[in-house]
Amino acid sequence: RDLTKAYGGDALEEEPFTAYDESLREEELERSEVYTRAEEYFAGLLGGVEMTRLPSSKSVSKISALERHVSEISLSELKGVVEKYGVTESNLFLSALLFTLNRYTREDTVSVLTVSSGRDGVRLSDTVGMFVKTLPVVSTVNSSARVSDFMRSVQEQLYSTLGNDIYPFTRMSERYALVPQVNYVFEGGMEAPLMLDGVCYSPETMALDAVKMPFSVIVSPSRNGYRVVLEYDASLYSVRDAELFASAYNGALSNMLASPDARLGDVSLLDDTERAHVLALSKGRAMQYDTEHLLVERMMMYADADPERVALVDSVSEMTYGELNRRSSALAVELVKLGVERNSFVAIMMPRVNDYIVALLAVHKAGAAFVPVDSEYPNDRISYMLKDSGARLLVTVSSLYDEKSKEGDIVAEKLLFLDMFDYDTSFDASSLRLPDGDDMAYMIYTSGTTGLPKGVVIRQKSLLAFAAWCSDDMALTRDDKVLLHISFSFDASLSSIAPMLYAGASLHIVSSEMRRNMVSLVEYINNRGITAGVFPTQMGVELLNQFDTCMRVVALGGEKLKPVRTGGTVVFNAFGPTEFTVASSMYRIDPERKYDSYPIGLPAQNTWQYVVDADMNLLPAGVPGELCLSGIQIAAGYWKRPDVTAAKFVANPYSDSPDNALMYRTGDLVAWNSDGELEYMGRMDGQIKLRGLRIELGEVESRVEEFPGIASAAAAVKEIGGVQHLCAYYVSQDEVDLERLKEFIGETLPDYMVPSGFMRVDALPLTPNGKVNRKALPVPQIVSTVEYAEPETELERNICSVYGEILGSDKVGANDNFFESGGTSILAIKAIIKIINLGYKIEYGDMFKLKTPRKIAAFLEGDAGAEQQNAVRSDGTDIADYDYSAINEVLSRNVFSDTKEYPRRSFKRVLLCGATGYLGLHLLKELIDSEVETIYCMVRKRRELSAAETLSVMLMYYFSETYEELMGSRIIPVETDITDRRFMELLGGKGIDAVFNAAAIVKHYAVGDEIDRVNVGGVANLIEFCRRESARLIQISTGSVSGTCNERDMGRMSFDEKSLYIGQHISNRYVLSKFLAERLVLQGIADGLDAKIMRVGNLMGRNSDGEFQINFGSNAFVNMLKSYKFMGMYPTVRLTSPVEISPIDCVVRGILSLSRLPSDITVLHPYNNYTTDMASLLFAMREYGFPIDFVSEEVFAAKMDSMMKDEKDNERVSGLLHYGSRKGERNVPMCNSFTTTMLYTDNICWPMAGDDYAMKFIKVLDGMGLFD
């Protein structure tokens, strides 16, 4: 408008509100409650959140440059959806982007950046100025939610964020370590033309080449629909990446709009045309083969046709097909005599000799299935396999069995020693029972997650199908000589045996010694004219890269293939799980093609292979997903494990014939490449978590291998100095500059995926089946992340020496961070002890605040700056800088009136958070015994146990009762936690009327944001949930929020139920987090939230029997008692020191009673109003049998000093180090008269901690091993 006026020469109006005025307004707001609320909002939104990173391509430019991909899309349904569901165009496109990223990354919580105009008021609508703000969008993609509900939730979250946009992104980025990855912009309204003097002008986009973000999605309305521009960093993403993402984004948009009331989990990224294309890719070519004769029958046919042809060769003998047939028949007859029945199992434990194949075929001729047993296995594992399979017979040789017997017993019902068996005895072949296709062929035991192996059962027809296509791919004939190198106990050995039998070729079984000697192996291959072989990947790559052989064809499998020299050999990259009969695909390597990574190929003949998301939707090319296999090769399942079988072998939603009715979920992560081939990307369960962050080891390894000079690499997590570190191991001819390598890795991977430990090795250790043996990788040195700084003072040198000794490092610099160098909270105690022994006073929290030798030295030498740094929290939190007026008004109502009624309300359905903790479990028991109808229990996910199992185990421990009959009906375990915002959707609409939050991180100090994320961010989530559900929040807090004060203030300070901030000091992160959580709750109450805060005290053993928490070692009070026991003394002047002891069963009874009080009562102190003194506990310890003398302060201090200097004793007194106060500081006195009175009105009173309780408590602690 102003431009039109100016062009026409008209006078312009002066702005009533300028950009400068807005900057002054924002500066003023930064000191207001509005800013504080915004800060707290983003603490809840961003705590523990990582910005979502779109997986980067391997085929990219080395130079960072901006590239664009532009597409036009027409969405006819859009306006109808916008009008019906009240979602803006911008938020609809944003929702589709978040959903697409969820499918690309498989992360439920997706985080991107967006921008707003910043013109949220009418007065800014025409103001000239730059008001654009960068804002985070964090969304949880819940597959069970409706599409329309998801879109609305995204919009609601963004609107809430816009309402708090006073808090700048620069501070968010700083505080939460946000690294921008994906940016979203909707440019609505910018397409309007401008008329000037009758001429129409259209906006033109400036061609900027600077890379702002790794990946940006910019949507704007166009004449025929919408224009989607993808801007991306060409050093991270390729043109093909952009094309594939644009197609997937368009598919998500179209399908979400077409079915807004569908489950989000049913939305695909594919349109109908793309779906048909992907289904065509998923189907292997049809192949005709001999289905009438199983492998054993084909062998018999070859024996009849050419009995003198060599079938088997081992290190000492040869065997013809005729002899193989006769010997296997003779042995089969003997097996039947020994009681082997059809479809039973026979275990085979043999050295690498021809008779292994004889035994295998004999088992089949007896109609049974074989179980290969590796003699390298421990005897316990062998006995387990025999017992689990029900194999009543073990076929072996006497020498091997005798050798194994020296290690202990092998429990086998019957034994058959082949070296003592007379093959020449006459036999009646009529007793043979040849199998049919549906009979079992073999069972292979694979590792189980519980530590016990599980058996995979394969049918005869599946083995035949595999042999047929594998023989066809490798073009095997009866003239081929196939090398058997792989261990008999692995199903990969059948990739040599089965195709050889199918083709009628000969099999050469190399000895155990030759398997490990590559020079001897190559000599054998060339001398014997071996034409085909199958090898573990690592072994095969080394063989082909270093030697020339006469082999015509080689298959490699078991691991991701590294660069390999093919020469004149046809090389296959084989892939497939045990559960799909050895292999599901073999990719023939093109020697003329340059590979970023080797594909695993197309689906094998007569098989189907699907790439799906977590909801079993087909995925387009370029999007990683789970590989699911279907077809005749699918296993019969896991032996005697119907639960696991049902989870992994599922109905095929894309079935079009009985042959592919079932599919096997492999857990392998794959993607279709641009050539329609499958590429292996790693195991879905190969992701590890380090310090709460997800890391794909394969991704780290691939990046390390891209560094010039590195031939191969492996990554693993190793414990160094008591802490877990991501470590990289590499093979290279020359030394590698580790700093350059770290920088190189960090160019494409986030900081947490850059290893801290590196080691050059001559070769990567391998398992017996040829995979990298991560357990055998040695522990490397940690590479410092900061430039080495020489210690300058004697104290700095001493502290560096302490660090080095504790962390196992030879060279520690003055600026090295203790925790980044491998330190833990336990190791911090050791460091404190050693520094104290140098003659300095340092406390537990100082290590977490100062971290480096230089800062600690400056603090200990009295540097004022260091002292200040010690006193102020790193994120600048100052509890005094807050307007507490509304909170104080809420607190002022916590007074008793004898003229007032205090009715108790009842609860029907409650949510209990922290249900498996000491307080949480006792609160659960109290709720079970109450009138509450349904109790939803949050239980954090554990790998070994389900939520219900975890809860039952803990209930059994404390109450000798699992309450199994209530699980799923009255007690509903829910596998989630308060930091996972998905619980709101999971538990919303259940009619929950009360939420008890006993969940907390109770460590007083910790590195990182874990304490704040749970104790503050989690509470913010619960507040939001309670508002939505109109539920009452019962927040369990601690009396420690009363803090400390100077000695001179002791007389005038008291902390009761009307108090929050009274000028106290707070010295550790745990207490500060609980204070901030209380502040959030109380501010919420001031704004209408129904909530109560319960400040508990010193939680001790039950009053009924003294039973204490299972993790007693983390309790500071009992650790102090432990220290006094080992010292054998206590200062006499402190005997009358008051001790508050709250038996846990009394505490939860009080909490439940107080939680029912009217809503105007908001803060309560359910701790014991009766105190005892230290003397009562120490006399009980004496009476129990622990000699404790009462001595002067001087004697006590001397004894402690002596024990601190003793390496054997110093950890025994570490319980006295944690929670000391600064000189002149005292705990603020607390009062709970109001709470005690309220309990009296419900006929509840606290027990007095008498001698019998003390004795009972000490006895329980000793029984738990505290004093050992």
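The values are calculated or read from the model by the stated rules, or taken from the named source; none is laboratory data. Only a predicted model underlies this, so the values are computations on that prediction, with no experimental measurement involved. Here Cβ is always computed from backbone atoms with ideal geometry, including for glycine, and neighbour counts include all displayed protein chains.
Observations, loosely collected:
- Single residue of segment 1032-1075 satisfying the filter (acidic (Asp, Glu) and surrounded by fewer than 21 Cβ atoms within 10 Å (Cβ to Cβ)) that is nearest to Val890 (Cα to Cα): Asp1056
- Of everything in segment 266-315 that is surrounded by fewer than 15 Cβ atoms within 10 Å (Cβ to Cβ) and small (Gly, Ala, Ser), the residue that is farthest from Arg528 (Cα to Cα) is Ala276.
- For Gly601, the stated conditions hold: it is in contact (Cβ under 8 Å) with a residue 24 or more places away in the chain and either in contact with a Leu (Cβ under 6 Å, 6 or more places away or on another chain) or within 30 Å of Val456 (Cβ to Cβ) (or both).
- Within segment 1063-1154, strands (runs of 3 or more DSSP E) holding 2 or more residues that are more than 30 Å from Asn1243 (Cα to Cα) and touching a residue at least 60 places away in the same chain (Cβ under 8 Å): 1129-1131
- Test for Ser1059: is it within 30 Å of Arg905 (Cβ to Cβ), of a type in the set (Gly, Ala, Ser) and either in a helix (DSSP H, G or I) or without any contact (Cβ under 8 Å) to a residue 12 or more places away in the chain (or both): no
- Looking at Ala412, Ala465, just one residue is at pLDDT 90 or above, in the same structural domain as Ile357 (by TED's automatic domain parsing) and not charged (D, E, K, R), and that residue is Ala465.
- Residues that are more than 20 Å from Leu476 (Cβ to Cβ) and surrounded by fewer than 21 Cβ atoms within 10 Å (Cβ to Cβ), drawn from segment 543-558: Asn545, Gln546, Phe547, Asp548
- Residue match in segment 1137-1148 (condition: surrounded by fewer than 21 Cβ atoms within 10 Å (Cβ to Cβ) and modelled with pLDDT of 90 or more): yes
- Verdict on Ala498 being assigned to a helix (DSSP H, G or I) and either on the phi < 0 side of the Ramachandran plot or surrounded by fewer than 24 Cβ atoms within 10 Å (Cβ to Cβ) (or both): yes
Matching residues to (1) part of a helix (DSSP H, G or I); (2) of a type in the set (A, V, I, L, M, F, W, C):
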| residue | (1), (2) |
| --- | --- |
| Asp479 | no, no |
| Leu483 | no, yes |
| Phe488 | no, yes |
| Ala492 | yes, yes |
| Tyr502 | yes, no |
| His508 | no, no |
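- Filtered residues of segment 844-880 (kept if modelled with pLDDT of 85 or more and in a loop (DSSP other than H, G, I, E, B)): Thr852, Ile879, Ala880
- Residue match in segment 517-533 (condition: under 28 Å from Ala368 (Cα atoms), in the same structural domain as Lys365 (by TED's automatic domain parsing), in contact with a Phe, Trp or Tyr (Cβ under 9 Å, 6 or more places away or on another chain) and among the hydrophobic types (A, V, I, L, M, F, W, C)): no
- On inspection, Arg940 passes the criterion of being under 22 Å from Ile1001 (Cα atoms) and among the charged types (D, E, K, R).
- Across segment 510-536, the number of residues qualifying as outside any helix (DSSP H, G or I), in contact with a Lys or Arg (Cβ under 8 Å, 6 or more places away or on another chain) and closer than 29 Å to Gly322 by Cα comes to 6.
- Only one of the numbered conditions (1) farther than 17 Å from Leu464 by Cα; (2) in contact (Cβ under 8 Å) with a residue 60 or more places away in the chain is not met by Leu294, and that is (1).
- Enumeration of residues in segment 1231-1268 that are under 17 Å from Thr899 (Cα atoms) and either modelled with pLDDT under 90 or not in a helix (DSSP H, G or I) (or both): Thr1241, Asp1242
- Scanning segment 564-584 for residues that are hydroxyl-bearing (Ser, Thr, Tyr) and within 29 Å of the chain's Cα centre (by Cα) gives Thr578, Ser584.
- Any pair with Cβ under 8 angstrom, 6 or more apart, that starts in segment 963-984 at a residue that is under 19 Å from Asp1012 (Cβ atoms) and ends at one that is among the aliphatic types (A, V, I, L, M) and assigned to a loop (DSSP other than H, G, I, E, B): Asp977/Ala999; Ile978/Ala999
- Hey, Ser398 in the same structural domain as Ser512 (by TED's automatic domain parsing), among the polar types (S, T, N, Q) and without any contact (Cβ under 8 Å) to a residue 24 or more places away in the chain or not: yes
- The single residue among Asp590, Asp615 that is farther than 20 Å from Ile525 by Cβ and either touching a Gly at 6+ places or on another chain (Cβ under 6 Å) or in a strand (DSSP E or B) (or both) turns out to be Asp615.
- Among the candidates Ser383, Ser389, the residue that is within 43 Å of the chain's Cα centre (by Cα) and modelled with pLDDT of 95 or more is uniquely Ser389.
- Subset of segment 383-430 [surrounded by 15 or more Cβ atoms within 10 Å (Cβ to Cβ), part of a helix (DSSP H, G or I) and among the polar types (S, T, N, Q)]: Ser383, Ser389
- Among the residues examined, Tyr1167 does not qualify as assigned to a strand (DSSP E or B), in contact with an Asp or Glu (Cβ under 8 Å, 6 or more places away or on another chain) and surrounded by 18 or more Cβ atoms within 10 Å (Cβ to Cβ).
- In segment 728-757, the residues that are in a strand (DSSP E or B) and either at pLDDT below 90 or assigned by TED's automatic domain parsing to the domain that holds Ile486 (or both): Gly757
- Complete set of residues in segment 652-670 that are closer than 25 Å to Phe572 by Cα and at pLDDT below 95: Thr666, Gly667, Asp668, Leu669, Val670
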